[in-house]
Amino acid sequence: MKERLDYFAVCPKGQEAMLGLETYVRRSGLEHSLLELVKTRASQLNGCAFCLDMHTKDARAAGETEQRLFGLSAWREAPYYTDRERAALAWTEAVTLVSDSHVPDEVYEEARAQFSEADLVNLTLAIVAINGWNRLAVAFRRTAGTYQPSKP
């Protein structure tokens, strides 16, 4: 697949805005490991090869296990995710697929049981950010496979 265009080069101010949101989310106090699981799961749902390559590599570099990454698409059946991670993953799926379910009340209640109001807003901003990155990468066919994580 050939990359359509380099969106960073074409609209650097837009990328600065996206990076600003990403920086805010990283500094929000949410666990890095949780954010990488959320980013990976949203990228799976959106079929974003570039972001899957990036976030699985970042997660591994930060110490995430292969088992948990390989099992992520079936997290409901896997015993190795915490209740907090499960709530975040359910929230990620509902927000990412908002047109399917309009984020059900039971998913919200599960998330609220695990996250403060501020953390839930920050988690939602993280989901908004990765969905934006996924849409850019998929629309412009960002090439997957060459990403190298920085040192944690």
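The values are calculated or read from the model by the stated rules, or taken from the named source; none is laboratory data. All of these numbers come straight from a predicted model, not from anything done at the bench. Neighbour counts run over all protein chains shown; Cβ positions are idealised from the backbone, glycine included.
For this structure, a couple of remarks:
- Test: residue in segment 8-15 that is closer than 17 Å to Thr146 by Cα and surrounded by 14 or more Cβ atoms within 10 Å (Cβ to Cβ): yes
- Meets criteria (surrounded by fewer than 18 Cβ atoms within 10 Å (Cβ to Cβ), over 19 Å from Asp53 (Cβ atoms) and in contact with a helix residue (DSSP H, G or I) (Cβ under 9 Å, 6 or more places away or on another chain)) for Ala118: no
- The residue pairs whose first member lies in segment 18-43 and is free of Cβ contacts under 8 Å to residues at least 40 places away in the same chain and among the acidic types (Asp, Glu), whose second member is surrounded by fewer than 23 Cβ atoms within 10 Å (Cβ to Cβ) and part of a helix (DSSP H, G or I), and whose beta carbons are closer than 8 Å, counting only pairs six or more residues apart or on different chains, are Glu36/Asp58.
- Some residue of segment 115-128 being under 29 Å from Val10 (Cα atoms), out of contact with any Leu (no Cβ under 7 Å at 6 or more places or on another chain) and among the aliphatic types (A, V, I, L, M): yes
- Residue within segment 49-56 that is without any contact (Cβ under 8 Å) to a residue 40 or more places away in the chain, part of a helix (DSSP H, G or I), polar (S, T, N, Q) and crowded, with 19+ Cβ neighbours inside 10 Å present: yes
- In summary, Arg26 fulfils each of the numbered conditions (1) loosely packed, with under 14 Cβ neighbours inside 10 Å; (2) basic (Lys, Arg); (3) more than 13 Å from Ile130 (Cβ to Cβ) with the single exception of condition (3).
Okay, residues lined up against (1) of a type outside the set (Asp, Glu); (2) under 26 Å from Arg4 (Cα atoms); (3) at pLDDT below 95; (4) over 17 Å from the mean Cα position of the chain (by Cα):
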position: Ala88; (1), (2), (3), (4): yes, no, no, no
position: Val95; (1), (2), (3), (4): yes, no, no, no
position: Ser101; (1), (2), (3), (4): yes, no, yes, yes
position: Ala118; (1), (2), (3), (4): yes, no, no, yes
position: Thr146; (1), (2), (3), (4): yes, yes, yes, yes
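- If the condition is being of a type in the set (S, T, N, Q) and more than 10 Å from the chain's Cα centre (by Cα), then segment 22-45 contributes Thr23, Ser28, Ser33.
- Wholly within segment 64-152, helices (runs of 4 or more DSSP H) carrying at least 3 residues that are in contact (Cβ under 8 Å) with a residue 24 or more places away in the chain and among the polar types (S, T, N, Q): 117-139
- Extreme residue, farthest from Ala49 (Cα to Cα), among residues of segment 1-35 that are in a helix (DSSP H, G or I) and charged (D, E, K, R): Lys13
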